[in-house]
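Some notes on the structure that comes next.
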Amino acid sequence: MSLSDQQLELLRSHVLAKLGDPSALIGPDLTNKGLALAIIDSIQSTGVRYGSVGGVLERYSEYRRSRGGDPASDGTEELLMTFAQLGGPLQWATRIGNQHKTSTAKDAPLKAVAVEAAAKAMSSLGIHDRSDMQAAARDADRLGEARTAWCNVTAQRSGITWRYVLMLAGVPGVKPDRMIRGFVADALKINLRRVHPDDAAELVERVAEGFGISSTTLDHAIWKYQRDPKQRAVSNQTRHGGED
């Protein structure tokens, strides 16, 4: 799908119709999410209900606090330390994770394996905490190197979790998962399968820029709308005058 001014206008109109005044949208609170939690969140969140991810984040936080740590400021070194303390990905998944795998393939590794590998990949490039990730985002060459390393981790090739970990680390962006792509598909009146993640991300980013708001804020608002059937129903009733 090649982007056009018409597609931008369709998405812009869809945002106004479904989400209301863009200036009133509220972004996610990322103030207490260090890079360790960002890595866990980004990889654990694929293909599941987000409630299960919250459980993993809370167990990690409890584990770190019980040992005098501060999970909100943890970086890659602290995250890797928990794997070493517990004896590896399998034990980490049992104590902190949730046994979810990276894909539905029979021999797919646990997401804990990918979490550890991603932390090692970032650490090897000198990206240890949020500030390091934000600094890398300001350097195109370094950012490209980091993206390549991340996407080489098992089941992270699409780059969706890479975009998400950047957002969670405080770098504005869009996570073009099924929720976001579904919203874009509805706006453009096309099948979800025709919406490539990179195209969806660029469309949302450009529409957010046009509204003068953060792309992360618009991403969050779309995600909340898509996951709440009641909100979608109210929006549709408002738009269509309450008709069935």
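The values are calculated or read from the model by the stated rules, or taken from the named source; none is laboratory data. Given the structure is predicted, the values throughout are model-derived calculations rather than measurements. Cβ atoms come from the backbone with ideal geometry, glycine included; neighbour counts cover every protein chain shown.
Summary table below
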{"quantity": "Residue within the stretch 136-152 that is without any contact (Cβ under 8 Å) to a residue 24 or more places away in the chain, of a type in the set (D, E, K, R), in contact with a Cys (Cβ under 8 Å, 6 or more places away or on another chain) and at negative phi present", "calculated": "no"}
{"quantity": "Unmet requirement for G210, which otherwise passes all of (1) part of a helix (DSSP H, G or I); (2) within 27 Å of L57 (Cβ to Cβ)", "calculated": "(2)"}
{"quantity": "Boolean, V207 is outside the structural domain of A72 (by TED's automatic domain parsing) and modelled with pLDDT of 95 or more", "calculated": "yes"}
{"quantity": "In the stretch 96-114, the residues that are modelled with pLDDT under 95 and charged (D, E, K, R)", "calculated": "K106, D107"}
{"quantity": "Options A146, A117, A93, A112: the member that is among the aliphatic types (A, V, I, L, M) and more than 23 Å from S73 (Cβ to Cβ)", "calculated": "A93"}
{"quantity": "Helices (runs of 4 or more DSSP H) lying entirely in the stretch 34-138 (those with 3 or more residues that are assigned by TED's automatic domain parsing to the domain that holds V153 and over 20 Å from the mean Cα position of the chain (by Cα))", "calculated": "50-66, 76-86, 89-95"}
{"quantity": "Which listed residue, of A84, A93, A117, A72, is in contact with a strand residue (DSSP E or B) (Cβ under 6 Å, 6 or more places away or on another chain) and at pLDDT 95 or above", "calculated": "A93"}
{"quantity": "Residue within the stretch 145-153 that is under 17 Å from the mean Cα position of the chain (by Cα), of a type in the set (F, W, Y) and surrounded by 23 or more Cβ atoms within 10 Å (Cβ to Cβ) present", "calculated": "yes"}
{"quantity": "E77, sole failed condition from (1) surrounded by 17 or more Cβ atoms within 10 Å (Cβ to Cβ); (2) modelled with pLDDT of 95 or more", "calculated": "(1)"}
{"quantity": "Flag for A201 being farther than 23 Å from K33 by Cα, modelled with pLDDT of 95 or more and part of a helix (DSSP H, G or I)", "calculated": "no"}
{"quantity": "Count - residues of the stretch 209-229 that are free of Cβ contacts under 8 Å to residues at least 12 places away in the same chain and of a type outside the set (D, E, K, R)", "calculated": "1"}
{"quantity": "Extreme residue, farthest from S103 (Cα to Cα), among residues of the stretch 163-173 that are crowded, with 24+ Cβ neighbours inside 10 Å and out of contact with any Gly (no Cβ under 7 Å at 6 or more places or on another chain)", "calculated": "A169"}
{"quantity": "Test: residue in the stretch 106-113 that is surrounded by fewer than 22 Cβ atoms within 10 Å (Cβ to Cβ) and in contact (Cβ under 8 Å) with a residue 24 or more places away in the chain", "calculated": "yes"}
{"quantity": "Pair list, Cβ < 7 Å and 6+ apart or interchain, from the stretch 33-57 residues that are over 19 Å from R147 (Cα atoms) to residues that are charged (D, E, K, R) and buried (at least 22 other Cβ atoms within 10 Å of the Cβ)", "calculated": "V53/D41; L57/D41"}
{"quantity": "Checklist (1) touching a residue at least 40 places away in the same chain (Cβ under 8 Å); (2) in a helix (DSSP H, G or I); (3) under 12 Å from the mean Cα position of the chain (by Cα) applied to V184, failing item", "calculated": "(3)"}
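Here is a yes/no grid of residues against (1) modelled with pLDDT of 95 or more; (2) closer than 16 Å to T46 by Cβ; (3) of a type outside the set (A, V, I, L, M):
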position: S131; (1), (2), (3): yes, no, yes
position: W150; (1), (2), (3): yes, yes, yes
position: M167; (1), (2), (3): yes, yes, no
position: G182; (1), (2), (3): yes, yes, yes
